Amino acid sequence: MALRIALASALFGLVVVGGAIVVGYVALSQQLDARSSAELRGKRDLLLHVLSEIPSPAAIRDNRHRFGDLLIGHDELHLMLIDPAAGTTLAFSETARLSLAALESTPDDANSMLSWTALAGSRLNAIRGMGRVANGQSIRYYISLDRRHDSRLLAGFINATLIGLPLLLIVIALGAWLIARTSLAPLRRFHRLAASIGAQTLSQRVSTAGLPAELVDLANELNAMLERIDTGYRRLQEFSGDLAHEMRTPVATLLGRTQVALSHTRTVADLQQVLEGNVDELERLSRLISDMLFIARADGQENPMQLETIDLGYEASKIADYLSLVAEDRGVSVEVAGTAPVSADRNLVERAITNLVSNAIRHARAGSVIHVSVKCEAERTLLVVTNLGEGIARAHLERVFDRFYRVDSGRARTDGGTGLGLAIVRSIMTAHGGHVTAQSEPGGETIFKLEFPSIPTDAA
């Protein structure tokens with residue numbers, strides 16, 4: 001990247017410096033042209049003044065020294081005077097005589113300014129016109145300026161820029177490379193971090209100290225990404241350990257029962273009892289696998305949800321009727337109140353409500369009533385399940401939605417639970433853009449809340 005920046009800077013410098021050279025050349029050439037024109041006009045005015053003091057054309061030859069004084073210190077200036085009446089040359093220089101034919105081929109104009117290339121290859125500027133001596137006779141004059149020195153100056157300017165331009169571009173490219181390499185140095189932190197990240201080093205982060213402001217946001221986003229990966233990896237490790245633990249118990253039970261049954265000769269009734277026990281464990285394993293697949297698909301959003309507008313109160317009443325026999329066996333009842341529409345997947349919502357109500361039935365105090373209430377608030381729709389029982393200690397509340405977490409593991413296994421019911425509820429709510437919360441007081445009420453985003457009234 002530093003090399004590309006250096007090359008791009010050199011190319012950009014070439015364009016800019018080249019443009020500056022062109023502008024400088026044009027400006028210098030115009031300045032030299034303006035100086036030449038001003039010098040010629042100044043000499044013309046001085047020549048006309050001297051001619052006005054000469055009595056006649058014949059007296060010009062006797063006053064040649066005065067015209068020579070006009071050219072002292074200006075070797076590049078040349079003068080020619082012609083008497084148009086007699087057609088004779090009164091005063092001249094060799095260069096002016098050589099270019100006389102070119103000068104006379106153009107129309108007369110007292111203010112005309114000419115520019116041409118002489119026979120020797122030098123560039124000449126000239127001014128010509130008519131002047132008058134003291135007796136009123138006209139004298140034709142030609143004043144030429146050899147621009148050889150100006151041409152050399154312009155050529156020297158071009159040569160100097162052609163020599164200096166490559167060196168200047170090298171300096172620009174080298175400076176741009178050094179600046180880019182220095183500016184890109186903070187990116188080496190990201191390189192070192194990426195090279196050091198592994199399964200055991202996910203806790204590393206990019207330090208934002210000394211980073212340019214443009215890279216601070218990138219570092220923060222990278223750190224946040226690493227935090228999410230680290231959290232997900234740790235949760236996956238915990239989940240793998242929990243899953244192995246959960247599956248180890250039924251597998252060990254199945255293996256033990258089978259080995260014991262095969263160790264001695266058994267009656268048909270004994271073998272049937274062993275098989276019935278094995279079926280129970282296999283069913284538990286099947287539920288465990290089914291629940292894990294459900295959570296994995298919900299978290300990965302593999303199956304797109306079939307969203308539709310449903311009535312939470314109606315769905316809760318239907319589930320309460322479905323679980324009424326289970327509730328009667330436990331000596332509790334379920335009451336549903338309220339109605340509210342939500343946009344959700346009907347099957348997923350039914351499973352979330354079923355898990356909450358089933359959980360409430362299992363842990364409710366005999367003879368109590370489980371209340372399921374549905375209501376709309378400002379920007380959310382709530383379904384609240386409340387039961388009276390032993391409650392959940394504060395230390396357990398934060399983890400009740402974790403996979404395989406049980407407040408009373410022995411009782412949950414006896415009830416045939418997998419420890420995934422509430423984890424499934426959380427996955428379903430996350431998929432719907434909502435969330436689930438729990439509140440509880442030991443020996444008092446336990447409240448679970450499903451919070452759905454509200455839908456517009458006209459859509460409802």
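What is the extension gain from residue 306 to residue 45, computed as 0.36 nm multiplied by their sequence separation minus the C-alpha to C-alpha distance, in nm to one decimal?
Values: separation 261, 0.36 × 261 = 93.96 nm, distance 9.99 nm.
Full extension from residue 306 to residue 45 adds 84.0 nm.
I want the local charge near residue 205. Using Cβ-Cβ distances under 10 Å, sum +1 for each Lys or Arg and -1 for each Asp or Glu among the other residues.
Values: positive: none; negative: 227, 230.
With Lys, Arg at +1 and Asp, Glu at -1, the net is -2.
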Q | Amide proton proximity set for residue 129, modelled H, under 5 Å, gap of 5+ | A | 141
Q) What is the set of long-range amide H partners of residue 337 at a cut-off below 5 Å, with H atoms built 1.01 Å from backbone N? A) 372, 373, 374
Q | the stretch 310-373 - Rg (one decimal) and Dmax (whole number), Cα, Å | A | 11.6, 35
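Write down the accessible area per residue of the stretch 140-285 in Å², having rolled a 1.4 Å probe over the full set of protein chains.
Accessible area per residue, the stretch 140-285: 65 Å².
Once you have the Cα-Cα distance between residue 220 and residue 263, take 0.36 nm times their residue separation minus that, and quote the gain in nm to one decimal.
Details: separation 43, 0.36 × 43 = 15.48 nm, distance 6.31 nm.
Using 0.36 nm per residue and subtracting the Cα-Cα distance, I get 9.2 nm.
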Q: On a C-alpha basis, how far is the centre of the stretch 1-45 from the centre of the stretch 362-397 in Å? Whole number, if you could?
A: 85
Q | Radius 14 Å from Cβ of residue 264, net charge of other residues (Lys, Arg +1; Asp, Glu -1) | A | +1
Q. Using modelled backbone amide H atoms (1.01 Å from N, in-plane), which distant-in-sequence or interchain residues come within less than 5 Å of residue 332's amide H?
A. 367
Q) Residue by residue, what Karplus-based ³J(HN,Hα) values in Hz, rounded to whole numbers, does the stretch 201-206 have, using 6.51, -1.76 and 1.60 with θ = phi - 60° and x for Gly and Pro? A) 10, 6, 7, 6, 9, 7
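Probe radius 1.4 Å, ligands and nucleic acids ignored: give me the carbon and sulfur share of the accessible area of the stretch 131-257 as a rounded percent. The partial results should precede the final answer.
Details: 5000 of 7780 Å².
The computed percentage sits at 64.
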Q) Which whole-Hz couplings ³J(HN,Hα) result when phi for each residue of the stretch 28-43 is put into the Karplus expression 6.51 cos²θ - 1.76 cosθ + 1.60, θ = phi - 60°, listed in order with x for Gly and Pro? A) 5, 4, 5, 5, 5, 5, 5, 5, 4, 4, 5, 5, 5, 5, x, 5
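Given a Förster distance of 22 Å, report the FRET efficiency between residue 270 and residue 247 from their Cβ-Cβ distance, rounded to the nearest 0.05. Write down the numbers at each step before the final one.
Numbers: r = 27 Å, r/R0 = 1.21.
According to the calculation, E is roughly 0.25.
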Q: Based on the mean of other Cβ atoms within 10 Å per residue, sort peptides 328-338, 342-352 so the most packed one is first.
A: 342-352, 328-338
Q.
Can you compute the modelled spin-label distance between residue 37 and residue 236, with each label point 7 Å from Cα toward Cβ, in nm?
A. 8.1
Q) In sequence order, what are the phi-derived ³J(HN,Hα) couplings for the stretch 156-171 according to the Karplus relation 6.51 cos²θ - 1.76 cosθ + 1.60 with θ = phi - 60°, rounded to whole Hz, with x for glycine and proline? A) x, 4, 5, 4, 5, 5, 5, 6, x, 4, x, 5, 5, 5, 4, 5
(Q) Net charge within 12 Å of residue 187 by Cβ-Cβ distance, Lys/Arg positive one each and Asp/Glu negative one each, not counting residue 187 itself? (A) +3
(Q) No solvent, one uniform scatterer per C-alpha: report log10 I(q)/I(0) for the stretch 144-259 via the Debye equation at q = 0.17, 0.19, 0.20, 0.22 1/Å, two decimals. (A) -0.95, -1.03, -1.08, -1.16
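Specify whether the C-alpha gyration tensor of the stretch 1-90 places it in the rounded, prolate or oblate class, a ≥ b ≥ c being the square roots of the eigenvalues: rounded for a/c under 1.5, otherwise prolate if a/b is larger than b/c and oblate if not. Walk me through the numbers before you get to the answer.
On the way: a/c = 5.56, a/b = 4.98, b/c = 1.12.
Prolate, because a/c is 1.5 or more and a/b exceeds b/c.
The values are calculated or read from the model by the stated rules, or taken from the named source; none is laboratory data. All values reported here derive from a predicted model rather than from experimental measurement. Heads up, the Cβs are rebuilt from the backbone with ideal geometry, glycines too, and the neighbour counts pull from every protein chain shown. The area values use the complete protein model at the heavy-atom level, side chains included, leaving out ligands, DNA and RNA. Shrake-Rupley method; radii C 1.70, N 1.55, O 1.52, S 1.80 Å.
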